[in-house]
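Enquirer: Got a structure for you, questions after.
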Amino acid sequence: MKFKMRALCAGALGCLLFGSVAAHATNIEVLHWWTSGGEAKAAAQLKSIMESKGYTWKDFAVAGGGGENAMTVLKTRVVSGDPPAAAQIKGPSIQEWGAEGVLADLSPVANVEKWDRMLPEVVADVMKYDGHYVAVPVNVHRVNWMWINPAVFKAAGADVPRTWDEFPEAAKKIRAAGYIPLAHGGQPWQDFTVFESVVLGVGGADFYRQAMVKLDQKALHSDTMRHAFEVFGSLRADIDPDAPNRDWNQATAMVINGKAAMQLMGDWAKGEFTQAGKMPGKDYECVAAPGSQNAFTFNIDSLVMFQQNDANVTKGQHALASAVLSPAFQKVFNLAKGSIPVRTDMDLSDFDACARKSARDFQAAAKAGTLVPSIAHQMAVPAATAGAMQDVVTQFFNAPGASVDNVLDRLAQAARIQ
Ligand code: GAL
């Protein structure tokens, strides 16, 4: 921060020197894709904390759920030698960026603040490259949720499906009553998000891990995977014709407004309900995606910092990292975002029933060995592999009548791409 010195000379008082803060606060540019109502409100919390610390927040928001657009733009910026100070990068991609040698070491902050004690080990490991923290985790999102409009279920005389076998009966009643069973946005990442919940619900956490994390060829060719594709394909009949290209938050709005009965989406969707002033247990329900009650697909947002030449920006990165893990930020951000704090020592009494359920289920799943990383949200496998598998899944979903035999082979082939 620079001070402009001016001299004021006034008679016998002589000359007084006084300073004024010039508009030269250090810019901290942060790339993210938090652009929906709930997400933007959450991101604004970080902006205001950084401003209170004397930095200027340079918002580098790239719209597009799931972050594919943001990652494309980021690569261009890094290749041209002009990376932002921080970027929303997650999961195994952190290792890929680490290997490029462009990430900043956050150890100075992490050591002083004892991040190792504050974070679950599985989370801390993902944030480190070569033993050093290069990323700061923001939250824990659960992906295997189903968002329910209870009034629509009531009007249709339908029960909330607890398994994929029960799903068609509920969907039939909802359709007959003039509602859309499943709110969906036809974008590849949303198709993949629904698909991973179907795989988990049909096959269970062990199967999910074999197929979607270990990429085991036998699991990918199995009858269980065949059945998952059959169930997934059957959902084409439960979505409306305007689904192609719809953003995820518009699909959430259909559940909020009572046009549709359900949405299969991670709990960033809850941020939209909250933003609309809706209460869980009254206006909407959060239930586990069918068949996945005892499992938890996690999706952890994190901010990665890039090496900078300006020491002031480096200082700002440390301030940002420290702010992200502060209890105050963990609370306000996650209340707006729909996720739960990543710190294990937080009091959740101000959080709603869905968040508290998420925290309980996270612990229970960790104990039971049913805590699994989301493949659709870049937690499970390298980005290139996930991208190739997502292409296969989305092509299948958008080609009614596509052969299941064929898609099993194609998915297994895509899983070999690194
Ligand atoms: C996820 C991300 C969430 C949310 C969502 C929709 O990948 O982890 O924070 O932004 O995409 O854009």
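Enquirer: Springs between alpha-carbon pairs under 10 angstrom, Gaussian network model over the chain: which of Val122, Val304, Val140 fluctuates most?
Expert: Answer for the Gaussian network model of the chain: Val122.
Enquirer: How large is the accessible surface of His377 in square angstrom, using a 1.4 angstrom probe and rounding to the nearest 10?
Expert: 10
Enquirer: Would you tally the net charge around Phe192, using a Cβ to Cβ cut-off of less than 13 Å, leaving Phe192 out, and scoring K and R as +1, D and E as -1?
Expert: Overall, the nearby charge balance is -4.
Enquirer: Show me, for region 338-348, the HN-Hα J-couplings you get by feeding each phi into the Karplus relation (A = 6.51, B = -1.76, C = 1.60, θ = phi - 60°), rounded to Hz, glycine and proline as x.
Expert: Working through the residues one at a time gives x, 8, 10, x, 8, 5, 7, 9, 8, 7, 9 Hz.
Enquirer: For His141, His221, give the ranking by accessible area with the largest first, probe 1.4 Å.
Expert: His221, His141
Enquirer: Per residue, how much accessible area does region 307-418 show when a 1.4 Å probe rolls over the protein heavy atoms, in square angstrom?
Expert: Averaged over the residues of region 307-418, the accessible area is 43 Å².
Enquirer: Assign one of three labels to region 24-138, namely rounded, prolate or oblate, based on the Cα gyration tensor with a ≥ b ≥ c the square roots of its eigenvalues; rounded applies when a/c is under 1.5, prolate when it is not and a/b is larger than b/c, and oblate otherwise.
Expert: Rounded shape, in that the Cα axes give a/c under 1.5.
Enquirer: Enter the Cα centre distance for the pair region 90-106 and region 272-291, rounded to the nearest angstrom.
Expert: 35
Enquirer: Which residue, Pro373, Pro290, Pro280, has the most motion in a Gaussian network model of the chain that connects Cα atoms within less than 10 Å?
Expert: Largest GNM mean-square fluctuation: Pro280.
Enquirer: Per residue, how much accessible area does region 23-160 have with a 1.4 Å probe, in Å²?
Expert: 41
Enquirer: How large a share of the accessible area of the chain, in percent, is made up of carbon and sulfur atoms when the probe is 1.4 Å and the other protein chains stay in place?
Expert: Here carbon and sulfur together make up 52 percent of the probe-accessible area.
Enquirer: Would you mind getting the accessible area per residue of region 182-246, heavy atoms of the protein chains only, 1.4 Å probe, in Å²?
Expert: Here the per-residue accessible area is 35 Å².
Enquirer: When a/c is below 1.5 the answer is rounded, else prolate if a/b is larger than b/c, else oblate, so apply that to region 239-293 with a ≥ b ≥ c taken from the square roots of the Cα gyration tensor eigenvalues.
Expert: Here region 239-293 falls in the oblate category.
Enquirer: Any idea what the dipole of region 255-346 comes to, in debye rounded to 20, about its Cα centre with Lys/Arg Cβ at +1 and Asp/Glu Cβ at -1?
Expert: Value, rounded to 20: 160 debye.
Enquirer: Once amide H atoms are built 1.01 Å from N in the peptide plane, which residues 5 or more positions from Val140, or in another chain, come under 5 Å H to H?
Expert: Ile340, Val342
Enquirer: Treating the beta-carbon of each Lys and Arg as +1 and of each Asp and Glu as -1, no other charges, what is the dipole magnitude of the chain about its Cα centre, to the nearest 20 debye?
Expert: Once rounded to the nearest 20, the dipole reads 940 debye.
Enquirer: Here is a follow-up. Count the net charge of all other residues whose Cβ sits under 13 Å from the Cβ of Lys75, scoring Lys and Arg as +1 and Asp and Glu as -1.
Expert: After counting each charged neighbour, the total is -3.
Enquirer: Mind checking which of Gly291, Gly101, Gly258 has the largest fluctuation in a GNM of the chain, springs on alpha carbons under 10 Å?
Expert: Gly101
Enquirer: Here is a further query. Ranked highest first by the average count of other Cβ atoms within 10 Å around their residues, in what order do 401-409, 124-132, 205-213, 336-344 fall?
Expert: Listed from highest to lowest mean packing, they are 336-344, 205-213, 124-132, 401-409.
Enquirer: For the chain, what does the relative contact order come out to in percent, with C-alpha contacts under 8 Å and a separation of six or more?
Expert: 25
Enquirer: Cα gyration tensor of region 273-394, axes a ≥ b ≥ c as square roots of the eigenvalues: rounded (a/c below 1.5), prolate (a/b > b/c) or oblate?
Expert: Oblate, since a/c reaches 1.5 and b/c is not below a/b.
Enquirer: Separate question: Quick one: net charge around Arg117, please, counting Lys, Arg +1 and Asp, Glu -1 for every other residue with C-beta under 11 Å from its C-beta.
Expert: It works out to a net charge of -2.
Enquirer: When the helix-only estimate is applied to the chain (DSSP H runs of n ≥ 4, each -39,500 (n - 2.57), divided by the residue count), what is the mean residue ellipticity at 222 nm, nearest 500 deg cm²/dmol?
Expert: The helix-only estimate for the chain comes to -13500 deg cm²/dmol at 222 nm.
Enquirer: Under a 5 Å amide H to amide H cut-off, with H placed in plane at 1.01 Å, what residues pair with Tyr284 once short-range neighbours are removed?
Expert: Residues meeting the amide H criterion: Met279.
Enquirer: Given the C-alpha centroids of region 239-258 and region 350-397, what is the distance between them in whole angstrom?
Expert: Each part reduced to its Cα centre gives a spacing of 21 Å.
Enquirer: Note down, for region 344-417, the three equivalent ellipsoid semi-axes (square root of 5 times each alpha carbon gyration tensor eigenvalue), biggest first, whole angstrom.
Expert: So the three semi-axes of region 344-417 are 35, 14, 12 Å.
Enquirer: Non-local amide H neighbours of Glu29 (under 5 Å, H modeled in plane, Pro and chain starts lacking H): which ones?
Expert: Residues meeting the amide H criterion: Lys58, Ala85, Ala86.
The values are calculated or read from the model by the stated rules, or taken from the named source; none is laboratory data. No experiment lies behind these values; they were computed from the predicted model shown. When we count neighbours, we look across all protein chains shown, and the Cβ atoms used for this are built from the backbone with ideal geometry, even at glycine. SASA here: full protein model, heavy atoms, side chains in, ligands and nucleic acids out. Shrake-Rupley method; radii C 1.70, N 1.55, O 1.52, S 1.80 Å.
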